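Below is one structure; the comments refer to it alone.
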Amino acid sequence: MKNTNKGLLLILSTAIISGFSVFINKFGVAINNSNIFAFAKNVTVAMLFTAIILLLKNRKLLFRLNGKKWLQLIIIGLIGGSIPFLLFFKGLSMTSAVQGAFIHKTMFIFVAILAVLALKEKINKNFLIGGLFLILGNLMMLKSLNFSFGLGDGLIFLATLFWAAENVLAKYVLHDLPGNIVAWGRMFFGAIFILAYLVFIGQSSQVLSLNLSQIKWIALTAVLLFGYTITWYNGLKDVPVSVATTLLLSGLPIATALTAISTGKINPQDIFSGLLILTGLITILGIKTFGTKTIITKSLNY
């Protein structure tokens, strides 16, 4: 239970970072080629993880990996660290930050299905009831935005499907490898795949023509991506992937609140939808409070 609680705290940290990231990335994408933006961010994070791996004891484990583990990390880099990033940031440049966040947060539905089929995770009634609250809360949050599904939203949806598959595979790989190694594989090989794509479409030279303003945005968003990645994979190791992805939904109210603050428009409906999302999360986690102590019930043991 100690490791589970630690994992939950890390995943909640991921959700908070996600809420800020979706809002800030919208501005970063607006001033950059989305492909260059994705590569520059990912390669920066890959270098940070490489430094961590080399400085810590994980480097010995990395050098002892067999061919199967290397292949798994390469696949994670392809379906998690490259293709969906290109799709997501291109889509984000064509739609709103909140709509992008909503579509991304539907990932928990696809992850839950894949987790049952591939990992044999059990979905109990708390998850189903809580999931309904989460969907209702998110739909209510979008109702006031006149949501319409366009090309950009479709690209983000495809990215979400890729990330759903990657997270289930990552959960499987995390049984044998530490979170930092899996996170490194995702970002390192992902950056290589994106670079290969940039060379193929003739945009690789644009990496060298970034101006100071663009570099600042890339640096800021890369820091957020690094925080997201390191907390997510280390937390995912100790938490069922179906539960972990539902917790990411708590980042949507943050993105919506930041958007409301930037536009000066606060909608009471968003407050109510946030309460629905909170209710859904509490239902799924099975949180009970006794006096000053809060515990996570056995509902996590799917």
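FYI, it's all coordinate maths here, none of it is from the lab. In this text, all values refer to a predicted model and were calculated from it rather than measured experimentally. Note that each Cβ is placed from the backbone with ideal geometry, even for glycine, and that neighbours are counted across all protein chains shown.
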Farthest toward positive dipole pole in region 84-216 [+1 Lys/Arg, -1 Asp/Glu at C-beta], among Val199, Asn124, Pro178: Asn124
Expressed as a whole number of Å, what is the distance separating the alpha-carbon centroids of region 204-231 and region 35-80? 17 Å
Among Lys41, Lys90, Lys6, which comes first, then next, by fewest other beta-carbon atoms within 10 Å? Lys6, Lys90, Lys41
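Mind checking the dipole of region 66-175: about its Cα centre, +1 per Lys or Arg Cβ, -1 per Asp or Glu Cβ, Debye to the nearest 20? It would help to have the intermediate numbers written out before the result.
Details: 9 positive and 3 negative charges, 61 e Å.
Magnitude of the dipole: close to 300 debye.
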Whole-Hz couplings from phi, Karplus 6.51/-1.76/1.60, listed for region 126-133; x for Gly and Pro: 4, 5, 5, 5, x, x, 5, 4
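How would Tyr228, Tyr197 line up from fewest to most surrounding beta-carbon atoms within 10 angstrom? Numbers along the way, then the final one.
Details: Tyr228 22, Tyr197 17.
By the 10 Å Cβ count, ascending, the order reads Tyr197, Tyr228.
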When you count, for each residue, the other Cβ atoms within 10 Å and take the mean per peptide, how do 74-82, 214-222, 130-138 rank with the highest first? 74-82, 130-138, 214-222
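Work out how much length Ala51 to Ile215 would gain on full extension: take 0.36 nm times their residue separation and subtract the Cα-Cα distance, in nm to one decimal. Present the calculation step by step, with values, prior to reporting the outcome.
Numbers: separation 164, 0.36 × 164 = 59.04 nm, distance 2.04 nm.
Result: 57.0 nm gained on full extension.
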For region 4-20, just list the computed ³J(HN,Hα) in residue order, Karplus coefficients 6.51, -1.76 and 1.60, θ = phi - 60°, integers in Hz, with x standing in for Gly and Pro. 5, 4, 5, x, 5, 5, 5, 5, 5, 5, 4, 4, 4, 4, 4, x, 6
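Sorting Leu55, Leu65, Leu285 on the 10 Å Cβ count, fewest up front, what's the list? Mind dumping the intermediate values first?
Details: Leu55 9, Leu65 16, Leu285 19.
Listing Leu55, Leu65, Leu285 from fewest to most nearby Cβ atoms yields Leu55, Leu65, Leu285.
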